[in-house]
Amino acid sequence: MKIYQELLPESYLLILADDPDPTDVARLSYALRRASRSGRPSIWVDCSQLPQLPLASLRVLLRFYQRLRHCHIPLVLCHLDGQAHQRLSRLPSDTRPPIMASLLDAEHYCRYLYRKGG
């Protein structure tokens, strides 16, 4: 899996691309750690270039969501494949990251959080 990183004015964007490889969890963990230390107020993960998000990668995202939540940094997933979306929808809402249909939706969601105060 390739992970592209882009600094946006209000977020750190990670774009996951190519065919997923279950052994890529270390690369994903590293990218998320880097994003969490970037000073950006939110992290968006765009999965539109992945045919399917591996379960191991989904677990890494859930773990980082919990860590970042305690630091008041939203982790937002965008363009999630159907199977991963179904797996997450079975979890209690406070244990899973928000799932947005687009990056524009992620931006609106995070702006709403900032206005509301967290």
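The values are calculated or read from the model by the stated rules, or taken from the named source; none is laboratory data. Note that the structure is a prediction, hence the values are computed from the model and not measured. Positions of Cβ are generated from backbone atoms using ideal geometry, with glycine treated the same way; all protein chains shown enter the neighbour counts. Calculation scope for accessible area: heavy atoms of the full protein, side chains included, ligands and nucleic acids excluded. Shrake-Rupley method; radii C 1.70, N 1.55, O 1.52, S 1.80 Å.
Taking 0.36 nm per residue of separation and subtracting the current Cα-Cα distance, fully stretching the chain between R69 and S93 would add 7.3 nm.
A dipole drawn for region 8-99 from +1 and -1 charges on Cβ atoms has a positive end, and of L62, L28, L16 the residue lying farthest that way is L62.
So for the pair L8, L104, with labels modelled 7 Å out along Cα→Cβ, what separation do we get in nm? Reported label-point gap for L8 and L104 is 1.2 nm. The length gained on full extension between Y30 and S48, counted as 0.36 nm times the residue separation minus their Cα-Cα distance, comes to 4.5 nm. Computed in the context of the full set of protein chains, the accessible area of the chain at 1.4 Å probe radius has 51% of its extent on carbon or sulfur.
Separation of region 93-118 from region 25-47 is 16 Å, based on Cα centroids.
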